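Contents: one structure, followed by commentary.
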Amino acid sequence: MRSGVGVIGAGPGVSALHLPTLARLADRFEVVHVSDGGSGGAAALAARSGAAHSVGAAELLADPRVETVAICSPPHLHAAQVRAAVAAGKRGVLCEKPLALTQDEAEAVIQECRAAGTALVVGTNHLFDPAWVSAKHHLVAHGGRVRTVSITVALPPNARYHDLVTEFAPAAESPTRRQPDWGDAEVAASVVRQLIVGLGVHDLPIVRDLAPRLEEVVYARPVAPIGFAVGFVAGGVLVQLNAVMLPGGADALWRMTIGTSLDELEVQFRPAFTHDGSAVVRVRDIEGRVIEYPRSAGDGYVAEWEALAATLDGAEVVEYDELLADARYAIDLADAAADAVREAMAS
């Protein structure tokens, strides 16, 4: 039985990511309502599937056809909109990352979802990527102790990848933002925090799985034009996160490297907004031999919606404690990194 989906948000992520994904899962989901924050984008996106459209979330949440809500709005609205969807009696929610920006918000969201029995998935698509399933199986089966994790991200403008999506035209790009004043410690700390909870969060559930106990942020600094570099220790594992968003340049790079006592495992994730299969997993053993796991035709975007369908159908349970732990980990790291930026600039 198909579930009616209401999509809160009408930006590029909806047009180039969620709507094409839901079209691939048309036997299970049907987009029935799209809302925006006043941009006018919802009308054009809704017209493609014959859905209703509105401004704000209230009308969408009052729509009886909407059983499942996709929250694709700006991050500062996520927690309140998840809670509003729960209060409106919606059965399922897929919330784009981050789930929340503060510990109190995260706890309130999970508490209310748990009490209502709401099926909840957070859209950290790398965690759902079939390639990560293969990588995790390798790590468990071979038994090497994880010693290091390094994640390197370099992102060109998203429009480059919007052009690869043929089913839906993307919404207009946001105006170019001014360069932050990296000389202001509070501005630098705030931007680094925002980037960790908004961009770094893609991979932090995986990092928490490998290195579960955050111990110490060794360094944190902003990277021009927009980015961050953070090094920390968690569960005895050395972790480095490096990310930069570039105004031009080469294609996207999103690479995770995991060093163990037995080998080195590399996961090369696909560019955002594209639907051309899973990430690439390569393993180099201590003798220099390289093994590449076969790629899957599926991707993390489809898998996260399939996970929501499974919970709605009762085939899977929602791991509320894990979702809360993921949110806490990201927020704790972001807060500690922001403090480290302030301390470094004060010295």
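Restricting attention to region 267-294, and to residues there that are open to solvent by 60 Å² or more (accessible area, probe 1.4 Å) and assigned to a strand (DSSP E or B), which single residue is nearest to Val207 (Cα to Cα)?
Going through the qualifying residues, I end up with Arg282.
So which residues in region 208-217 are within 15 Å of Ala336 (Cβ to Cβ) and in a helix (DSSP H, G or I)?
Taking region 208-217 and keeping what is within 15 Å of Ala336 (Cβ to Cβ), we get 208, 211, 213-217.
Across region 208-217, the qualifying residue is only Arg208.
Can you tell which of Arg2, Arg65 is in contact with a strand residue (DSSP E or B) (Cβ under 6 Å, 6 or more places away or on another chain), surrounded by fewer than 18 Cβ atoms within 10 Å (Cβ to Cβ) and modelled with pLDDT of 95 or more?
Working: Arg2 fails: modelled with pLDDT of 95 or more.
One residue alone meets the criteria, Arg65.
Restricting attention to region 317-333, which residues are touching a strand residue (DSSP E or B) at 6+ places or on another chain (Cβ under 9 Å) and either of a type in the set (A, V, I, L, M) or in a loop (DSSP other than H, G, I, E, B) (or both)?
Of everything in region 317-333, those that are touching a strand residue (DSSP E or B) at 6+ places or on another chain (Cβ under 9 Å) and either of a type in the set (A, V, I, L, M) or in a loop (DSSP other than H, G, I, E, B) (or both) turn out to be Val318, Leu323, Ala327, Leu333.
Taking the residues in region 57-82 that are part of a helix (DSSP H, G or I) and within 19 Å of the chain's Cα centre (by Cα) as candidates, determine which candidate is nearest to Gly38 (Cα to Cα). Full working, then the answer.
Taking region 57-82 as the starting set, the residues that turn out to be part of a helix (DSSP H, G or I) are 58-62, 75-82.
Of the ones still in play, those that are also within 19 Å of the chain's Cα centre (by Cα) are 75-82.
Details: Pro75: 17, His76: 16, Leu77: 14, His78: 17, Ala79: 20, Ala80: 18, Gln81: 16, Val82: 20 Å.
My answer is Leu77.
Taking region 15-43, which residues are without any contact (Cβ under 8 Å) to a residue 60 or more places away in the chain and in a helix (DSSP H, G or I)? Let's see the steps before the verdict.
Our first condition is that a residue be without any contact (Cβ under 8 Å) to a residue 60 or more places away in the chain; within region 15-43, this holds for 26-27, 30-38, 40, 42-43.
Ala42, Ala43 - these are the residues of region 15-43 that are without any contact (Cβ under 8 Å) to a residue 60 or more places away in the chain and in a helix (DSSP H, G or I).
Taking Ala189 as meeting all but one of (1) open to solvent by 30 Å² or more (accessible area, probe 1.4 Å); (2) part of a helix (DSSP H, G or I); (3) under 15 Å from Ala336 (Cα atoms), write down the number of the exception.
Evaluating Ala189 over (1) open to solvent by 30 Å² or more (accessible area, probe 1.4 Å); (2) part of a helix (DSSP H, G or I); (3) under 15 Å from Ala336 (Cα atoms) leaves (1) as the failure.
I want to confirm something. Restricting to region 252-266 and keeping residues that are under 21 Å from Glu96 (Cβ atoms) and part of a strand (DSSP E or B), which single residue is modelled with the highest pLDDT?
For region 252-266, the residue satisfying everything is Met256.
Assess whether Ser54 counts as being among the hydroxyl-bearing types (Ser, Thr, Tyr) and in a strand (DSSP E or B).
Details: among the hydroxyl-bearing types (Ser, Thr, Tyr): yes; in a strand (DSSP E or B): yes.
Considered against the rule, which asks whether it is among the hydroxyl-bearing types (Ser, Thr, Tyr) and in a strand (DSSP E or B), Ser54 comes out as yes.
Which condition number in (1) open to solvent by 10 Å² or more (accessible area, probe 1.4 Å); (2) of a type outside the set (Lys, Arg); (3) part of a strand (DSSP E or B) is the one that Pro205 fails?
(3)
Tell me the residue from Ala108, Ala88 that is free of Cβ contacts under 8 Å to residues at least 60 places away in the same chain and more than 16 Å from Glu322 (Cα to Cα), please. I'd like the intermediate steps shown before the answer.
Working: Ala108 fails: more than 16 Å from Glu322 (Cα to Cα).
That would be Ala88, the only listed residue that is free of Cβ contacts under 8 Å to residues at least 60 places away in the same chain and more than 16 Å from Glu322 (Cα to Cα).
Can Val218 be described as farther than 23 Å from Gln268 by Cβ, of a type in the set (Val, Ile, Thr), open to solvent by less than 40 Å² (accessible area, probe 1.4 Å) and at pLDDT 95 or above?
Numbers: farther than 23 Å from Gln268 by Cβ: yes; of a type in the set (Val, Ile, Thr): yes; open to solvent by less than 40 Å² (accessible area, probe 1.4 Å): no; at pLDDT 95 or above: yes.
No, not satisfied.
May I ask you to list pairs of residues, at least six apart or on different chains, whose Cβ atoms are under 9 Å apart, with the first in region 312-339 being touching a residue at least 12 places away in the same chain (Cβ under 8 Å) and within 20 Å of Tyr219 (Cα to Cα) and the second being among the small types (Gly, Ala, Ser) and open to solvent by 30 Å² or more (accessible area, probe 1.4 Å)?
Going by the 9 Å Cβ cut-off, the qualifying pairs are Ala338/Ser190.
Pick from Val86, Val55: which is modelled with pLDDT of 95 or more and over 21 Å from Ala116 (Cβ atoms)? Give the derivation first.
Numbers: Val86 fails: over 21 Å from Ala116 (Cβ atoms).
Every option except Val55 fails the conditions.
Just one of the numbered conditions (1) under 30 Å from Arg145 (Cβ atoms); (2) in contact with a strand residue (DSSP E or B) (Cβ under 6 Å, 6 or more places away or on another chain); (3) surrounded by 19 or more Cβ atoms within 10 Å (Cβ to Cβ) is not true of Thr257; which one?
For Thr257, the failing item is (3).
Could you list, in sequence order, the residues of region 221-235 that are without any contact (Cβ under 8 Å) to a residue 40 or more places away in the chain and either surrounded by fewer than 20 Cβ atoms within 10 Å (Cβ to Cβ) or in a loop (DSSP other than H, G, I, E, B) (or both)?
Passing the criteria: Val223, Ala229, Gly231, Val233, Gly235.
Filter region 295-316 down to the residues that are over 30 Å from Val230 (Cβ atoms), open to solvent by 30 Å² or more (accessible area, probe 1.4 Å) and part of a loop (DSSP other than H, G, I, E, B) and list them by number.
Of region 295-316, the ones over 30 Å from Val230 (Cβ atoms) are 296-298, 302, 305-306, 308-316.
Among the residues that remain, those that are also open to solvent by 30 Å² or more (accessible area, probe 1.4 Å) are: 296-297, 306, 313-316.
Ser296, Ala297, Asp313, Gly314, Ala315, Glu316, listed by residue number.
The values are calculated or read from the model by the stated rules, or taken from the named source; none is laboratory data. Please read these numbers as outputs of a predicted model, since none were measured by experiment. Cβ coordinates were reconstructed from backbone atoms using ideal geometry, including for glycine residues, and neighbour counts include every protein chain displayed. Please note that ligands, DNA and RNA were not included when accessible areas were found on the heavy atoms of the full protein model with its side chains. Shrake-Rupley method; radii C 1.70, N 1.55, O 1.52, S 1.80 Å.
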